[in-house]
Amino acid sequence: MTHEIAVIPGDGIGQEVVPAAVDVLEALDPEFTFTEAEAGDAVETETGEALPEETYELAASADATLFGAAGETAADVILPLREAVDSFVNVRPAKAYPGVDAVRPETDLVFLRENTEGVYAGHEDRLTKDVATLTRVTTQSASRQLAEFACEYVDADGFTIAHKANVMRETDGLFRDTVASVAEERGVATDEVLMDAFATRVCLDPTQFDVVACPNLAGDVLSDLAAGLVGGLGLLPSANIGEQRALFEPVHGTAPDIAGRGVANPAATIISAAMLLEYLDYGEEADAVHAAVESTLAEGPRTPDLGGDASTADVTNAIIDRL
Ligand code: GGG
């Protein structure tokens, strides 16, 4: 069966790492057809629109989307794209790899980030020159959907709920109570941690945690923090999962400081492509990509963010050679 893959590189290093991941997918020769579309800062400057209608429609109809990075227009690009695939959870694994210099080499975590609401729901206003406000949204239905996914994801092993319900009593209180009660109904163990305490505890000993379910902003911030523990943002993939389709993207942004130089680390996007393969039931191919990335990270070549001097193309070719 042929799968339609939407390819949206976006801005900055997205233009470099997404083609690298497509090269890896093409080397595996799955039955994919790739259709590329534009989005981001550059398109907005050109056309006045950061997310053209045809790009939104492509993501909304493709079996899966591979996205790169969004810059200043992130709120106009990645948030609607997640909506296009009806995504309710952003799965963000943060894992240290053998051979990569990491602050905490024992780190092996997965963040399950609520993907539709919280402070990213878009209810922000500038009331006066002095005052800006933001309405934070939490619904029982979105919290329940995340919790149901978390229960399937971990089986009976359990997961941690990170929140700040001692301060945001209504919003995070509803999130915590709903997630905990769904897990209880399904016989899945949970524990809970205040998200600020989590930030400290995960730095001191990341082995205390395994799978962490969290509200939208917390998931965004805490996964970037975990990237710092494993050697940088160049290593963190993600999957935005919906009921019918999904969008895969590296956790990193556009990296304007290195964009255009051909030295961006493609690992996060190539691991995201492996998650895409897994999602479309190409399990063997996904395992092969994970193994090829791991051995390339261990033995080199490596890009400058990991202390090497290789280019994006060198690393991509080394991964393809290992496949
Ligand atoms: N590929 C990740 C990316 O483009 N990040 C930019 C960003 O600001 N994302 C916000 C988010 O992940 O919610």
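Test Leu66 against the criterion of being away from the ligand (no atom under 11 Å from the Cβ) and not aromatic (Phe, Trp, Tyr), and give yes or no.
Considered against the rule, which asks whether it is away from the ligand (no atom under 11 Å from the Cβ) and not aromatic (Phe, Trp, Tyr), Leu66 comes out as no.
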Yes or no: region 294-302 includes at least one residue that is at pLDDT 95 or above, small (Gly, Ala, Ser) and assigned to a helix (DSSP H, G or I). yes
Exactly one of (1) over 23 Å from Leu277 (Cβ atoms); (2) surrounded by 17 or more Cβ atoms within 10 Å (Cβ to Cβ); (3) within 16 Å of the ligand (Cβ to nearest atom); (4) at pLDDT 95 or above is unmet by Leu134. Its number? (2)
From the residues in region 7-31 that are touching a Phe, Trp or Tyr at 6+ places or on another chain (Cβ under 7 Å) and more than 16 Å from the ligand (Cβ to nearest atom), which one is modelled with the highest pLDDT? Leu25
If we scan region 267-282, do we find a residue that is buried (at least 18 other Cβ atoms within 10 Å of the Cβ), within 14 Å of the ligand (Cβ to nearest atom) and not aliphatic (A, V, I, L, M)? yes
Kindly provide the set of residues from region 49-70 that are touching a strand residue (DSSP E or B) at 6+ places or on another chain (Cβ under 8 Å) and of a type in the set (Gly, Ala, Ser), ordered by number. Ala59, Ser61, Ala62, Ala64, Gly68, Ala69, Ala70
Index of the failed condition, Ile320 passing every other in (1) surrounded by fewer than 24 Cβ atoms within 10 Å (Cβ to Cβ); (2) without any contact (Cβ under 8 Å) to a residue 60 or more places away in the chain; (3) over 17 Å from the mean Cα position of the chain (by Cα): (2)
I'd like to check something: does region 61-74 contain any residue that is surrounded by 23 or more Cβ atoms within 10 Å (Cβ to Cβ), in contact with a Gly (Cβ under 8 Å, 6 or more places away or on another chain) and more than 20 Å from Ser238 (Cα to Cα)? no
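Residues are listed down the side, and each one gets a yes or a no for (1) under 22 Å from the mean Cα position of the chain (by Cα); (2) assigned by the TED database to the domain that holds Thr190; (3) of a type in the set (Phe, Trp, Tyr):
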site: Tyr120; (1), (2), (3): yes, yes, yes
site: His123; (1), (2), (3): no, yes, no
site: Leu127; (1), (2), (3): no, yes, no
site: Leu134; (1), (2), (3): no, yes, no
site: Thr138; (1), (2), (3): yes, yes, no
site: Glu148; (1), (2), (3): yes, yes, no
site: Tyr153; (1), (2), (3): yes, yes, yes
Going through Asp29, Asp23 one at a time, which residue ends up being in contact with a Ser or Thr (Cβ under 9 Å, 6 or more places away or on another chain), of a type outside the set (Val, Ile, Thr) and surrounded by fewer than 24 Cβ atoms within 10 Å (Cβ to Cβ)? Asp23
Just checking, how many residues over region 32-54 are surrounded by fewer than 18 Cβ atoms within 10 Å (Cβ to Cβ) and within 13 Å of the ligand (Cβ to nearest atom)? 0
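Would you point out which residue out of Pro98, Pro80 is of a type outside the set (S, T, N, Q) and buried (at least 16 other Cβ atoms within 10 Å of the Cβ)?
Just a single option satisfies the conditions, and that option is Pro80.
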Identify, please: which residue in region 69-98 is part of a loop (DSSP other than H, G, I, E, B) and more than 11 Å from the ligand (Cβ to nearest atom) and is, among those, farthest from Ala298 (Cα to Cα)? Asp86
Could you go through region 46-64 and let me know if any residue there is assigned to a helix (DSSP H, G or I) and modelled with pLDDT under 95. yes
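The values are calculated or read from the model by the stated rules, or taken from the named source; none is laboratory data. As the structure is a computational prediction, the values presented were derived from the model and not from experiment. Quick reminder, even Gly has a Cβ in these numbers, built from the backbone with ideal geometry, and neighbours come from all protein chains shown.
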